[in-house]
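These notes are about the structure you will find just below.
The values are calculated or read from the model by the stated rules, or taken from the named source; none is laboratory data. All values derive from a computational prediction rather than experimental measurement. A quick note on method: Cβ atoms are made from the backbone with ideal geometry, for glycine too, and the neighbour counts reach across all protein chains shown.
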Amino acid sequence: MATRIRLGMLTPSSNTTLEPVTAAMLAGLPEVSAHFGRFRVTEIALSPAALAQFDDSEILRAAELLAHGRMDVIAWNGTSSGWLGFEADHRLCARITAATGIPATTSMLALNEVLAATGVTRLGLVTPYLDDVQARIIANYAALGHGCVAERHLNQQDNFSFATVPDETIAGMARAVAAAGPQAIAVICTNLRAAPLVAALEAELGLPIYDTIATVVWKSLILAGVDPSRVRGWGRIFSAPA
């Protein structure tokens with residue numbers, strides 16, 4: 001019998017997309033299961049109240065509860081370091097591992113890893129976020145050497161609402177960004193239902209599309225010792241270099 005692999009996913013409380021999408025991604029890996037721990041996140045903005053949702057203490061409490069299930073990896077399945085600064089995720093992962101003894105990663109650190117490994121300097125960006133949040137994300141990626149050549153965002157704040165964005169809207173945003181000739185498109189938001197569209201859009205547009213639900217599954221599998229290329233039909237990320 002194959003060794004059971006358990007992936008712990010830290011989940012924004014108002015997110016209704018990442019759990020079913022993650023389960024669907026892992027459906028072809030019978031020995032791997034995903035387990036979710038929620039903490040309060042209801043809005044994405046730069047106000048003090050919105051930023052306070054991502055206080056490490058709240059996330060660490062959820063991580064410690066996941067650790068009771070003897071996870072092989074604990075991942076923050078969220079994109080907050082895109083506007084808080086990526087050091088926030090490095091610090092969080094270190095604290096999770098110190099508190100639980102379990103390797104940790106995040107959607108954004110996984111995305112950054114694949115962008116660096118594939119040498120992306122011309123990045124396209126798709127999100128549902130507010131103008132000022134989008135500007136922060138663009139600036140943070142520019143500082144890493146991933147200049148944004150085109151972007152689309154929906155100027156929305158309510159985290160729950162991101163899951164209601166129609167497929168046609170998401171696909172249209174990706175097509176508009178692709179027209180500027182980026183080397184890759186990043187879809188940054190784990191409550192936007194982009195991941196099920198990625199394989200078809202990659203085939204249509206001829207470039208990789210890195211969705212932040214997919215990036216954290218990819219990296220979590222690597223940390224757990226599972227070959228991510230066994231995940232089929234969810235885009236190029238799963239054959240990306242580790």
* Asked: Between residues in segment 215-232 that are over 16 Å from residue 4 (Cβ atoms) and residues that are outside any helix (DSSP H, G or I) and among the polar types (S, T, N, Q), which pairs lie under 6 Å by C-beta distance while being six or more apart or on different chains?
  -> 216/77; 219/105
* Go through the residues of segment 141-149 one by one and say whether even a single one is more than 14 Å from residue 185 (Cα to Cα), under 18 Å from the mean Cα position of the chain (by Cα) and in a helix (DSSP H, G or I). => no
* **Selection within segment 118-131 - closer than 19 Å to residue 89 by Cβ and over 17 Å from the mean Cα position of the chain (by Cα)** => 120
* Asked: Any chance segment 156-177 includes a residue that's outside the structural domain of residue 20 (by TED's automatic domain parsing), at positive phi and in contact with a Leu (Cβ under 9 Å, 6 or more places away or on another chain)?
  -> no
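Among the listed residues 22, 79, 11, identify the single one that is part of a strand (DSSP E or B), within 28 Å of residue 155 (Cα to Cα) and of a type in the set (Val, Ile, Thr). Quick ask: steps written out before the conclusion?
Working: 22 fails: part of a strand (DSSP E or B); 79 fails: part of a strand (DSSP E or B).
11 is the lone residue from the list that is part of a strand (DSSP E or B), within 28 Å of residue 155 (Cα to Cα) and of a type in the set (Val, Ile, Thr).
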* Asked: Can you pull out the residues in segment 150-175 that are part of a helix (DSSP H, G or I) and either of a type in the set (Lys, Arg) or farther than 12 Å from residue 201 by Cα (or both)?
  -> 159, 160, 161, 162, 163, 164, 169, 175
* Asked: Does residue 235 satisfy the condition of being at pLDDT 95 or above, in contact with a Pro (Cβ under 8 Å, 6 or more places away or on another chain), within 23 Å of residue 19 (Cβ to Cβ) and among the small types (Gly, Ala, Ser)?
  -> yes
* Structure fact -> Inside segment 1-26, the number of residues satisfying the requirement of being surrounded by fewer than 21 Cβ atoms within 10 Å (Cβ to Cβ), farther than 13 Å from residue 191 by Cβ and under 15 Å from the mean Cα position of the chain (by Cα) is 1
